[in-house]
Amino acid sequence: MSTNAETVVDTPQSYAGFGKRFLAFLIDILLLGFISWGGANIIYFIGMWTWRGQTLGQMVFNVKVVKTSGKPVDLRVAVIRYLGYLLCGLTLGLGYLLIAFDKRKQGLHDKLAETFVINV
């Protein structure tokens, strides 16, 4: 990837903050409230990140998940990121709370999958 594209992704103003990401996640959870957790949940998150790089909630807030290289998320990265979501849940949300304090606004799931959530 070119240096210019990496610079665009790796600037503080390009990272989506905790509040925006939390509200986007709430929208997704409300939408999924009509669908059972489990298989549909896995398909929704992994499918949306792989297909568009963003869930419906992330679309509302104009944020997108990308690899730290700036490239789109592939299936392997989406699966790792989803497993990271589960791990964040096991830490009682502390993995998500990292977003508020990390200079690149990465939660535990982002660090594991080597992703950023950026403003688009």
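Report, by residue number, each residue of the range 41-59 that is surrounded by fewer than 20 Cβ atoms within 10 Å (Cβ to Cβ), under 18 Å from Phe18 (Cα atoms) and modelled with pLDDT of 95 or more.
Met59
Taking into account only those residues within the range 64-92 that are among the basic types (Lys, Arg) and touching a residue at least 24 places away in the same chain (Cβ under 8 Å), which is nearest to Ile118 (Cα to Cα)?
If we take residues in the range 64-92 being among the basic types (Lys, Arg) and touching a residue at least 24 places away in the same chain (Cβ under 8 Å), then Lys64 is nearest to Ile118 (Cα to Cα).
Could you please find all residues in the range 65-98 being of a type in the set (A, V, I, L, M) and within 19 Å of Met48 (Cβ to Cβ)?
Val65, Val66, Val73, Leu75, Val77, Ala78, Val79, Ile80, Leu83, Leu86 - these are the residues of the range 65-98 that are of a type in the set (A, V, I, L, M) and within 19 Å of Met48 (Cβ to Cβ).
Here are some residues: Val117, Val65, Val73. Which one is within 13 Å of the chain's Cα centre (by Cα), aliphatic (A, V, I, L, M) and over 16 Å from Phe25 (Cα atoms)?
Val73
Identify, please: which residue in the range 88-112 is at pLDDT 95 or above and farther than 21 Å from Leu23 by Cβ and is, among those, surrounded by the most Cβ atoms within 10 Å (Cβ to Cβ)?
Leu112
Quick one: Arg81 ticks every box in (1) buried (at least 17 other Cβ atoms within 10 Å of the Cβ); (2) more than 17 Å from Phe25 (Cβ to Cβ); (3) at pLDDT 95 or above except a single one, so which number is it?
(2)
Under 8 Å by Cβ, and 6 or more places apart or on different chains, what pairs join a residue from the range 40-60 that is over 17 Å from Leu30 (Cα atoms) with one that is surrounded by fewer than 16 Cβ atoms within 10 Å (Cβ to Cβ) and charged (D, E, K, R)?
If the second residue must be surrounded by fewer than 16 Cβ atoms within 10 Å (Cβ to Cβ) and charged (D, E, K, R), the pairs left are Thr50/Asp74.
The values are calculated or read from the model by the stated rules, or taken from the named source; none is laboratory data. All values derive from a computational prediction rather than experimental measurement. Ideal geometry is used to build each Cβ from the backbone, glycine not excepted, and the neighbour counts take in all protein chains shown.
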